[in-house]
1. Under a crude label model (7 Å from the Cα following the beta-carbon direction), how far is Ala159 from Cys50 in nanometres?
2. Taking the chain as the reference, fit the longest principal axis to its C-alpha atoms, fit the long axis of helix 313-329 to the helix C-alpha atoms, and give the angle between the two in degrees, 0 to 90, nearest 10.
3. Only four residue types carry charge here, +1 at the Cβ of Lys and Arg and -1 at the Cβ of Asp and Glu. Report the dipole size of the chain about the Cα centre in Debye, rounded to the nearest 20.
4. Which ³J(HN,Hα) values in Hz, rounded to whole numbers, follow from the phi angles of the stretch 50-61 under the Karplus curve 6.51 cos²θ - 1.76 cosθ + 1.60, where θ = phi - 60° and Gly and Pro get x?
5. How much accessible area per residue does the stretch 1-112 have, in Å², with a 1.4 Å probe?
6. If Lys and Arg each add +1 and Asp and Glu each add -1, what is the summed charge of the other residues whose beta carbon sits under 14 Å from the beta carbon of Ser197?
7. What percentages make up the Cα-Cα pair-distance distribution of the stretch 287-331 when the bins are 10 Å wide from 0?
8. Beyond 17 Å, what percent of the Cα pairs of the stretch 226-284 remain?
Amino acid sequence: MDLLHSAGVQVVQYLQENYQGSQDWFLFISFAADLKTTFFIFFPIWFHLCEAVGIKLIWVAVIGDWLNLVFKWRVMLFGQRPYWWVRETSYYGNTSTPVIQQFPLTCETGPGSPSGHAMDSAGIYYVMVTALLPGLLGTQHRSCAARCLRGLLWLVFWAVQVCVCLSRAFLAAHFPHQVMAGIISGESFDHIPAIYSASLRRYLGTTLFLFSFALGFCLLLKALGVDLLWTLEKAKRWCDRPEWVHIDTTPFAGLLRNLGILFGLGLALNSQMYLESCKGKMGQQLPFRLSCIVASLLLLHLFDSFDLPTDRELLFYVLSFCTSTTAHLCAVALIPYCIAQVLRRGHRKIL
């Protein structure tokens with residue numbers, strides 16, 4: 001593995017030395033590939049334009065990130081990250097150790113393999129591309145123009161994946177083999193069971209199962225003498241700036257945030273507010289949908305900007321779950337309900 005890691009460090013060095021001017025671009029790509037972008041930007045837009053795609057985005061994102069967490073714990077011994085491996089390895093012996101830069105998005109605290117950004121972006125962008133194809137191609141799917149458009153969309157998809165891989169390597173957050181493993185994993189779970197009419201009981205059961213399995217797996221590894229916090233200690237030790245080590249990059253922080261979002265979606269879809277607003281005639285009108293998109297984006301941005309207390313880890317996890325649940329309950333049910341009420345009152349006054 002040392003030989004593979006040293007080759008990866010050479011790739012990181014090459015990117016940092018020759019593409020320093022693209023730093024802002026690589027930082028933006030990592031931001032765009034983060035699951036927060038899916039939950040707080042892509043989801044409200046897709047959901048209020050096409051509910052089925054929005055629902056699928058959440059399920060693919062949550063299940064995919066949960067699988068990434070399980071994969072990382074299973075291959076824990078191979079979960080090194082470049083920014084700490086290069087500083088503590090004995091591979092280089094008496095020769096000079098390569099120097100690699102760190103950035104605000106470098107110091108993630110979980111195991112590095114497979115890359116969560118690469119795995120998540122592969123699944124999410126695959127869902128969005130396959131959702132766009134039928135609407136853009138229509139019935140002319142065999143024409144020359146349709147084939148060119150289909151090819152262009154898949155070209156964009158793969159361009160995004162390549163950019164994500166280069167970005168994660170440039171930031172020294174992942175080795176190249178880790179992002180490639182993430183891409184391969186991310187495209188393997190698109191076909192999932194029927195979720196579009198799932199009951200609240202199914203949402204609750206899925207949330208409890210995913211949490212219980214992760215917690216049980218964690219306790220099993222701990223009972224076998226495996227230290228699950230070894231990567232957190234390395235991140236704190238080798239990160240150049242302590243403020244770059246964020247608690248929301250720890251495995252359980254992401255898990256509880258994601259499960260909160262899934263449970264919030266289940267509560268919303270099975271609520272009376274959602275049925276009265278989105279499932280009536282009002283829900284088919286474009287002005288109503290656009291108003292919901294704008295209001296949801298603003299509200300979710302407000303929730304995302306909350307500074308949760310980080311001094312008590314358990315409290316942070318609980319609050320993260322609760323705020324995620326509340327945010328998406330509001331975006332899916334409360335906001336459409338309120339907008340529908342306002343539009344109905346305005347219509348009555350006109351009459």
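The values are calculated or read from the model by the stated rules, or taken from the named source; none is laboratory data. Just so it is clear, the model here is predicted, and its values are computed rather than measured. Because the Cβ atoms are built from the backbone with ideal geometry, glycine has one as well, and the counts that use them run over all protein chains shown. Note: areas computed on protein heavy atoms with side chains; ligands, DNA, RNA excluded. Shrake-Rupley method; radii C 1.70, N 1.55, O 1.52, S 1.80 Å.
1. The two pseudo-label positions are separated by 2.1 nm.
2. Orientation of helix 313-329: about 30 degrees from the principal axis.
3. Here the chain has a charge dipole of around 1340 debye.
4. 8, 4, 4, 5, x, 4, 5, 4, 5, 5, 5, 5
5. Dividing the accessible area of the stretch 1-112 by its residue count gives 44 Å².
6. Local charge sum for Ser197: +3.
7. Per 10 Å bin, starting at 0, the Cα pair percentages come out as 26, 44, 21, 8, 1.
8. Cα-Cα pairs of the stretch 226-284 separated by over 17 Å account for 61 percent.
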